[in-house]
């Protein structure tokens, strides 16, 4: 039930101008408030043994109560213009704090195609992935790694590529100085003991994900957090031109 308030007409230009400015300021303030609590977008260069391999991006937005993380990974390994390996991953995650509300992903792992669709239904997470369908009742992180609070609070993560649940332990291994967007930042280093042993760094002050390393077939893959998307995209161009 809405009530109607009748106001006398405003006859002056000043009155109209004040109203317009007030409305604009209110809308601007609301927009700023919504942006303040957004994490900073993550643009990683990915290198293999020091050589450009591609990029990994995580961009954040708000949709109602949900924090939306859009993940984009494009990795290629070429020798003499011949592609020896290609990995493309697209993933949209919806979070409320440390609770995963939904996830949708598609992956091309060197020609093998995978998908995951997950959605919270009450206290459970309904998962439909390349490895099957199931309901999961316990808290869970994801292999996207960016959500520090979720990673440090859980012992299982949803494989955002195939949809299975991967148990893990997280062991802090001290602190290091890490180059982040052109500046040195103190970060805590963690060993993620899972299907693939991974080392991950989170900024000590902000808990932002700032670095990652893991080994595959005797080669080291490293993530370096850069300042903007164009700088990260260049790594993919360099990888294709190798």
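Just so you know, all these numbers are worked out from the coordinates, no wet-lab data involved. Values in this document were obtained by computation on a predicted structure and should not be read as measured data.
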Task: the stretch 72-198: relative contact order as a whole-number percent, Cα under 8 Å and 6+ apart - done: 14 percent
TODO: Taking only the C-alpha atoms, wrap a convex hull around the stretch 117-242 and report its volume per residue in Å³ as a whole number.
DONE: 147 Å³
- [ ] Report the full-extension gain for the segment residue 207 to residue 193: residue separation times 0.36 nm, less the Cα-Cα distance, to one decimal in nm.
- [x] 3.1 nm
TODO: Could you pull the Cα extents of the stretch 57-162 along its three principal axes, largest to smallest, in whole Å?
DONE: 51, 29, 25
Task: Projected area averaged over orientations for the stretch 41-114, convex hull of C-alpha atoms, nm² - done: 5.9 nm²
